[in-house]
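First the structure, in the form of structure tokens, and then the observations on it.
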Amino acid sequence: MNRLTGKVAVVTGGSLGIGAACATRLLQEGAKVAIVDVKDSEGKQLANQLGKGTRYYHADTSSEHDVRQAVADVLRDFGRIDVLVNNAGISGANKPTHEITEDEWDRVQAINVKGVFFFTKHVYHVMRAGGGGSIINLSSIYGLVGAPDIPPYHASKGAVRLMSKVDALLYARDGIRVNSIHPGFIWTPMVEHFASALGGELVDRRKELDSLHPLGHIGEPDDIAWAVVYLASDEAKFVTGSELVVDGGYSCR
Ligand SMILES: NC(=O)c1ccc[n+]([C@@H]2O[C@H](COP(=O)([O-])OP(=O)(O)OC[C@H]3O[C@@H](n4cnc5c(N)ncnc54)[C@H](O)[C@@H]3O)[C@@H](O)[C@H]2O)c1
């Protein structure tokens, strides 16, 4: 219950799905939590539900203006930032590469890649001034291995994997650890939308996704939230530049 006492955490994309589970578990373990998202009503509702120690902030992570403002607001309200969970992301257009438009490609990179860059850039000085911190970037199994779908998403998650390693090297001397997490399929609004778009019965699509994982089922948001708690905590004080794979065995083959 007290693995994160005294720490302040920022969770981007914290209104729904994996981000909401992360916000919940980080708070439960003693951190104060800033939920950042564009889905204001869901984010405010979650912050209200979680209660003391949580606040909601509106920011589109693909806008440097929004990110700068959100970091300043969190600092004003909480006084420090020890943990940054770069979780906001979209799956984007599910078409073969030759059918994707430039706008579709750019939108995915703007949120999934540039959003991680902007938040890391603006939180860095705050963490450094506070004596260090932990940056946790949500990559994916799709940042480790290929699959014949969502090409811009694969590109973005591969980028996040290496951005994490470069920043781990750049900021190790500042006491800032940077790691990536690589979830398998997790049942969230993103995956439900992805599965629905494939057509047919949703329950059948889910079974197909289940069968891709050697453990026999897809994951739940808490499976990732606990990995985030570990990387955020001092239990992981010697862990930086690592790829924490939480995928039910998907990428073993
Ligand atoms: N669900 C999975 O199977 C899975 C697997 C691997 C990696 N991931 C990654 O985990 C992260 C969370 O995924 P999820 O499944 O919970 O997604 P989700 O769509 O269920 O939730 C994502 C949240 O991010 C927010 N968001 C989207 N764009 C934003 C922006 N520009 N600025 C601020 N907030 C924004 C959304 O409003 C939403 O609240 C993503 O980076 C995703 O790529 C998910």
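Working ranking of peptides 80-90, 105-115, 204-214 by packing, defined as the average number of other Cβ atoms within 10 Å per residue, highest first, is 80-90, 105-115, 204-214. Sorting 37, 149 from the fewest to the most surrounding beta carbons within 10 angstrom yields 149, 37. Taking 0.36 nm per residue of separation and subtracting the current Cα-Cα distance, fully stretching the chain between residue 172 and residue 28 would add 49.1 nm. Cross-link pairs exceeding 30 Å in C-alpha to C-alpha distance, out of 52/165; 44/114; 44/95; 39/121; 52/121, comprise 52/165; 44/95.
Note on residue 44 and residue 129: the extension gain reaches 27.7 nm, defined as 0.36 nm multiplied by sequence separation minus the Cα-Cα distance.
Ranked by the mean number of other Cβ atoms within 10 Å of their residues, highest first, the peptides 190-196, 233-239 come out as 190-196, 233-239. The relative contact order of the chain, computed from alpha carbon pairs under 8 Å that lie at least 6 residues apart in sequence, is 20 percent. Across all directions, the average projected area of the convex hull around the alpha carbons of segment 196-243 is 4.9 nm². Extension gain, residue 196-residue 2: 0.36 nm per intervening residue step, less the Cα-Cα distance, totals 65.9 nm.
Highest GNM mean-square fluctuation among 242, 134, 156, for the chain modelled with Cα contacts below 10 Å: 242.
We did not get these values from a lab; they are worked out from the coordinates using the rules stated. Keep in mind it's a predicted model, so treat the numbers as computed, not measured. Every residue, glycine among them, receives a Cβ derived from its backbone with ideal geometry; neighbour counts consider all protein chains shown.
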